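Colleague: Here you go, one structure.
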Ligand code: SF4
């Protein structure tokens, strides 16, 4: 039976993007191809907050005990190998059973499933068909993959999603790809992070939108240039600007400015509701 290394599995409100406000199960897989150490830093600098946390790793027995960071990737423990022991490898059956336990009515009602990371479209693509075909997952109607948009779908998984997303007479389903492509404020290189051919192919398997994290006018200009590159390849989806800020002190510094930038450029604004509502604590 397939297994997935799970960093977190929790029930909350989706705070970002198209499904903002929708009750959602979050399945956070372990592993990422990026580090995004530039978030919240001056240009060219990298966050070292996680280094200090890693020095104290033995103090933390569970994920929820880990400190939050105000710079770099706010879900660092979902990919940094130093924290890998906090993320168990579970069978898809055990994951499906755990999801049933955390749903309020122990069955799917109007909840949505978010498969996030880390980068959820790394090797775990081979295990999702088993998970989504589990008997307790059959009434699930909507899934979002929160991806950085660099990982191609395998032909097998693309076919699976196309079939999964077909409307049935008694059930209408939809697959969404929320693509948070990384701009240079993340610290990643555009040549590695902007993959329009990959993102355009997602359109063959579901609804796709871009959710670009920005803080300044310069970031917004870079976002517009990136959007042009995606459009030239055939991307037709919506574009959201979302403020930098995994902690409230950083988020409140730039959320209004980013909303104004989104309006100025005729783009959508995505909040990060989990920050004002829940302080972005683990499990929210
Ligand atoms: S792509 Fe996402 S999960 Fe991976 S390092 Fe960047 S912000 Fe973190």
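The values are calculated or read from the model by the stated rules, or taken from the named source; none is laboratory data. Here the structure is a predicted model, which is why all the values come from computation and not from measurement. Positions of Cβ are backbone-derived with ideal geometry, glycine not excepted, and every protein chain shown enters the neighbour counts.
Colleague: Just to verify a result, which residue in region 28-55, among those that are in contact with a helix residue (DSSP H, G or I) (Cβ under 7 Å, 6 or more places away or on another chain) and not in a loop (DSSP other than H, G, I, E, B), is surrounded by the fewest Cβ atoms within 10 Å (Cβ to Cβ)?
Modeller: 54
Colleague: Which members of region 56-70 meet the condition of being touching a residue at least 60 places away in the same chain (Cβ under 8 Å) and either away from the ligand (no atom under 16 Å from the Cβ) or not in a helix (DSSP H, G or I) (or both)?
Modeller: Correct list: 64, 66, 68, 69, 70.
Colleague: Let me ask another. Kindly indicate whether residue 251 is over 16 Å from the mean Cα position of the chain (by Cα) and either outside any helix (DSSP H, G or I) or under 19 Å from residue 21 (Cβ atoms) (or both).
Modeller: Yes; evaluated as a whole, the condition is true for this residue.
Colleague: Separate question: Could you identify the single residue in 139, 106 that is modelled with pLDDT under 95 and over 19 Å from the mean Cα position of the chain (by Cα)?
Modeller: Exactly one residue qualifies, and that residue is 139.
Colleague: Okay, next question. Enumerate the strands (runs of 3 or more DSSP E) found wholly within region 102-201, keeping only those where 1 or more residues are surrounded by fewer than 19 Cβ atoms within 10 Å (Cβ to Cβ) and more than 16 Å from the ligand (Cβ to nearest atom).
Modeller: Passing ranges, in order: 174-179.
Colleague: Determine if region 79-87 includes at least one residue that is within 17 Å of the chain's Cα centre (by Cα), crowded, with 18+ Cβ neighbours inside 10 Å, within 16 Å of the ligand (Cβ to nearest atom) and outside any loop (DSSP other than H, G, I, E, B).
Modeller: No, region 79-87 contains no residue that is within 17 Å of the chain's Cα centre (by Cα), crowded, with 18+ Cβ neighbours inside 10 Å, within 16 Å of the ligand (Cβ to nearest atom) and outside any loop (DSSP other than H, G, I, E, B).
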